[in-house]
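J.: Have a look at this one.
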Amino acid sequence: MSDWWEQAVGRSATLERTFTAEDLAEYRSLSGDTTEDPAGGESVPEPLIAGLFSTLLGTDLPGNGTMYLKQEMRFLGRAKPGETVRAEVTVTAVRPEKALVDLDTVAKVGDRVVCEGKALVMAPQYGRR
């Protein structure tokens, strides 16, 4: 059995991404999403920001084999094309007997929070106690 569970709480992982106007056009083309930004102008669609959290959870923390069970997000602002979005996930609690991990999620542009929330995932790759 891994000691991952004893060291998990407080761990965090980050990812930075700068979405271009071309990325947004490709997203719209692939998804069929033609929704206009209610604030006017162009902004990074919420699913692209959510995808940053998915990437972190599935590749870094907890990592490969992670399964999403629940996620909540509150979008508090917008990111514009060309701005760097920094996504971070932080382990807040673990339930090793069920291989469950609770995490806080936040995405920022500089010091400005554009999204915050929580995620509950199963991390069977570390085994259960």
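The values are calculated or read from the model by the stated rules, or taken from the named source; none is laboratory data. Everything numeric in this text was worked out from a predicted model, so none of it was measured. Every residue, glycine as well, gets a Cβ built from its backbone with ideal geometry; the counts of neighbours run over all protein chains shown. Surface areas here come from the heavy atoms of the whole protein model, side chains and all, with no ligands, DNA or RNA. Shrake-Rupley method; radii C 1.70, N 1.55, O 1.52, S 1.80 Å.
J.: Would a scan of the stretch 57-74 turn up a residue that is more than 30 Å from PRO124 (Cβ to Cβ), surrounded by 11 or more Cβ atoms within 10 Å (Cβ to Cβ) and over 15 Å from the mean Cα position of the chain (by Cα)?
T.: no
J.: Within the stretch 1-22, take every residue that is open to solvent by less than 40 Å² (accessible area, probe 1.4 Å) and within 16 Å of VAL85 (Cβ to Cβ) and give me the one that is modelled with the lowest pLDDT.
T.: PHE19
J.: Now for a separate question. Please list, ordered by first then second residue, the pairs with beta carbon atoms under 8 Å, 6 or more apart or interchain, first in the stretch 1-23 and in contact (Cβ under 8 Å) with a residue 40 or more places away in the chain, second polar (S, T, N, Q).
T.: Matching pairs, first to second residue: VAL9/THR92; GLY10/THR90; ARG11/THR90; SER12/THR90; LEU15/THR55; GLU16/THR84; ARG17/THR84; THR18/THR84.
J.: Looking at the stretch 76-97, which of its residues are of a type outside the set (Gly, Ala, Ser), open to solvent by 30 Å² or more (accessible area, probe 1.4 Å) and over 14 Å from THR66 (Cβ atoms)?
T.: Answer for the stretch 76-97, where residues must be of a type outside the set (Gly, Ala, Ser), open to solvent by 30 Å² or more (accessible area, probe 1.4 Å) and over 14 Å from THR66 (Cβ atoms): LEU76, ARG78, LYS80, PRO81, GLU83, THR84, ARG86, GLU88, THR90, THR92, ARG95, GLU97.
J.: Now a separate question. Can you find a residue in the stretch 114-122 that is in contact with a helix residue (DSSP H, G or I) (Cβ under 7 Å, 6 or more places away or on another chain), over 23 Å from ASP23 (Cα atoms), of a type outside the set (Gly, Ala, Ser) and open to solvent by less than 10 Å² (accessible area, probe 1.4 Å)?
T.: Yes, there is a match, as at least one residue in the stretch 114-122 is in contact with a helix residue (DSSP H, G or I) (Cβ under 7 Å, 6 or more places away or on another chain), over 23 Å from ASP23 (Cα atoms), of a type outside the set (Gly, Ala, Ser) and open to solvent by less than 10 Å² (accessible area, probe 1.4 Å).
J.: Scanning for something open to solvent by less than 60 Å² (accessible area, probe 1.4 Å), among the small types (Gly, Ala, Ser) and in contact with an Asp or Glu (Cβ under 6 Å, 6 or more places away or on another chain), does the stretch 41-54 turn up at least one residue?
T.: yes
J.: Still on this model: Does SER31 count as among the polar types (S, T, N, Q), open to solvent by less than 70 Å² (accessible area, probe 1.4 Å), over 18 Å from the mean Cα position of the chain (by Cα) and modelled with pLDDT under 90?
T.: yes
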